[in-house]
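**Student:** Let me give you the structure first, and then I'll get to my questions.
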Amino acid sequence: MKTIGVLTSGGDSPGMNAAIRAVVRYGIYSGLKVLGIKEGFKGLMEGKIEEMELSSVANIIQRGGTILRSARSDEFMTDRGKEKALNILKVFNIDGLVVIGGDGTFRGALDLSKLGVPVIGVPGTIDNDLGYTDYTIGFDTVVNTVVDAIGKIRDTTESHGRASIIEVMGRRCGDIALQSGLAGGADSVIVPEVGLDEVNICKKLIDSRNRGKRHSIIIFAEGVGDVTPYELGDIIKKNTDIDTRVTILGHLQRGGSPSAFDRTLASRLGAKAVQLLLEGDAGKLVGRRNGVLVAEEIEIGLSMEKVFDEETYKLTDILSI
Ligand SMILES: Nc1ncnc2c1ncn2[C@@H]1O[C@H](COP(=O)(O)OP(=O)(O)OP(=O)(O)O)[C@@H](O)[C@H]1O
Ligand SMILES: O=P(O)(O)OC[C@H]1O[C@](O)(CO)[C@@H](O)[C@@H]1O
């Protein structure tokens, strides 16, 4: 193995830069030439590639976003798109590839692996929606960002005696809502894994109001579906007469400097990805389970079920009585 490429794909996540830095520095330390592929699989198909030096990744460990930029590409999902990508990999003599992204990115990696490309996936997504790893890079930072936002929203919610519904990201996975809900002392957490029980939410609000509680915080995961946070606000007003406000945290959650946890995870996983390529042990996803770094076959890692943390869900409910 002489030359490796690295790309970031899907939604960016805080810590992606730390992972790029680790791949580049560990690669160069190991005697490899490292190429940075811009804009994910799209940039790969278009040959948007440049050599990375030690200095290319200086001063980025603390920065959010991704210096390689990210993209989502439908064309890459076609046979023609993958043919283009394979061609570019040959033109640039890329012997191994590190892709940093979420489950969609890993499905793309699996396709490339089946076509004979030695590829390693590094989990960079805020959603924490992958079953084979306890944490994805970016999740910890986002939870801290959301907890900080909850604290600020709580101040004004309390002053006005309202209920605040705060929508957080996480397409099909309630982990961001769940962890930030517990850490932020939310009264209710609504996640796609459980769904919305508006009767129970209204009952809880009335009970706590009757006990003298002046305000409530409801965390609403964006992937819940049928009812929007605004519709939930209307339902609450109609059934409890409690004034509600909705805050959609949106992309504010994905920016900002990564936490120490995410920087550490990204650094360790980026280096492990390069190690596996050097050992000829490609076609894997790297991650962390029970504090230990792991590597799973891409297909197996993708098929591992993401287990919903019922215990934390119940605890959040109990502690908010
Ligand atoms: N089934 C698939 N087969 C091949 N390539 C795929 C597949 N699904 C997604 N991809 C490629 O991976 C890219 C990123 O996927 P996606 O938009 O789902 O983000 P992601 O990697 O899941 O990250 P995030 O969880 O942050 O959204 C897609 O734009 C597409 O090019
Ligand atoms: O960047 P976009 O295309 O708005 O995507 C937003 C989605 O990406 C994620 O941030 C990561 O998958 C989701 O939580 C969110 O639904």
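The values are calculated or read from the model by the stated rules, or taken from the named source; none is laboratory data. Everything quoted here is computed from the prediction, not taken from an experiment. As a convention, Cβ positions derive from the backbone with ideal geometry for all residues, glycine included, and neighbour counts pool all protein chains shown. We work out accessible area using only protein heavy atoms, side chains counted, and drop any ligands, DNA or RNA first. Shrake-Rupley method; radii C 1.70, N 1.55, O 1.52, S 1.80 Å.
**Student:** Listed residues I100, I88; which is out of contact with any Cys (no Cβ under 8 Å at 6 or more places or on another chain) and open to solvent by less than 10 Å² (accessible area, probe 1.4 Å)?
**Tutor:** I100
Residues checked against (1) open to solvent by 30 Å² or more (accessible area, probe 1.4 Å); (2) within 20 Å of G121 (Cβ to Cβ); (3) assigned by the TED database to the domain that holds R263:
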residue	(1), (2), (3)
G11	no, yes, yes
G31	yes, no, yes
L35	no, yes, yes
E51	yes, no, yes
L54	yes, no, yes
Q62	yes, no, yes
I67	yes, yes, yes
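**Student:** Among the numbered criteria (1) under 30 Å from G151 (Cα atoms); (2) surrounded by fewer than 16 Cβ atoms within 10 Å (Cβ to Cβ), which single criterion is violated by V292?
**Tutor:** All conditions pass for V292, except number (1).
**Student:** I'd like to verify a number: residues in the stretch 164-180 that are within 16 Å of ligand 1 (Cβ to nearest atom) and in a helix (DSSP H, G or I), how many?
**Tutor:** From the stretch 164-180, those within 16 Å of ligand 1 (Cβ to nearest atom) are 168-177; that's our starting set.
Filter once more, so that each one left must be in a helix (DSSP H, G or I): 175-177.
Final tally of qualifying residues: 3.
**Student:** Given the condition away from ligand 2 (no atom under 16 Å from the Cβ) and assigned to a loop (DSSP other than H, G, I, E, B), answer yes or no: does some residue in the stretch 1-20 qualify? Spell out how you get there, then give the answer.
**Tutor:** Kept after step one, since they are away from ligand 2 (no atom under 16 Å from the Cβ), are these residues of the stretch 1-20: 1-7, 17-18, 20.
Next, only the ones that are assigned to a loop (DSSP other than H, G, I, E, B) stay: 1-2.
Scanning the stretch 1-20, I find at least one residue that is away from ligand 2 (no atom under 16 Å from the Cβ) and assigned to a loop (DSSP other than H, G, I, E, B), so the answer is yes.
**Student:** I've got another one for you. Starting from the stretch 302-321, keep only residues that are within 30 Å of A109 (Cβ to Cβ), then list their pairs with residues that are outside any loop (DSSP other than H, G, I, E, B) and open to solvent by 90 Å² or more (accessible area, probe 1.4 Å) whose Cβ atoms are within a distance under 9 Å, requiring at least 6 positions of separation or different chains.
**Tutor:** From the stretch 302-321, the pairs are L302/R107.
**Student:** From the list S55, S70, exactly one residue is small (G, A, S) and within 16 Å of ligand 2 (Cβ to nearest atom). Which is it?
**Tutor:** The unique qualifying residue is S70.
**Student:** Can you tell me how many residues within the stretch 117-142 are open to solvent by 20 Å² or more (accessible area, probe 1.4 Å) and in a helix (DSSP H, G or I)?
**Tutor:** Residues in the stretch 117-142 being open to solvent by 20 Å² or more (accessible area, probe 1.4 Å) and in a helix (DSSP H, G or I): 1 in total.
**Student:** Can I ask one more? Looking at the stretch 202-321, what strands (runs of 3 or more DSSP E) fall wholly within it and have at least 2 residues that are basic (K, R) and under 23 Å from the mean Cα position of the chain (by Cα)? Please lay out each step first, then the result.
**Tutor:** On the way: elements: 216-221, 244-248, 284-289, 292-297.
Once the strands (runs of 3 or more DSSP E) in the stretch 202-321 are filtered for at least 2 residues that are basic (K, R) and under 23 Å from the mean Cα position of the chain (by Cα), what remains is 284-289.
**Student:** Any residue at all in the stretch 54-65 that is touching a residue at least 60 places away in the same chain (Cβ under 8 Å) and polar (S, T, N, Q)?
**Tutor:** First, pick out the residues of the stretch 54-65 that are touching a residue at least 60 places away in the same chain (Cβ under 8 Å): 61-65.
Now narrow it down to the ones that are polar (S, T, N, Q): 62.
Yes, because at least one residue in the stretch 54-65 is touching a residue at least 60 places away in the same chain (Cβ under 8 Å) and polar (S, T, N, Q).
**Student:** Here is a further query. Scanning the stretch 1-50 for residues that are within 18 Å of E83 (Cβ to Cβ) and of a type in the set (A, V, I, L, M, F, W, C), which turns out nearest to ligand 1 (Cβ to nearest atom)?
**Tutor:** F41
**Student:** Next question, about the same structure. Working only within the stretch 69-88, note down all residues that are part of a helix (DSSP H, G or I), acidic (D, E) and within 12 Å of ligand 1 (Cβ to nearest atom).
**Tutor:** If the condition is that a residue be part of a helix (DSSP H, G or I), acidic (D, E) and within 12 Å of ligand 1 (Cβ to nearest atom), then E75, D79 are the ones that fit.
**Student:** Related question: Filter the stretch 181-200 down to the residues that are assigned to a helix (DSSP H, G or I) and open to solvent by less than 10 Å² (accessible area, probe 1.4 Å) and list them by number.
**Tutor:** G181, the sole residue that qualifies.
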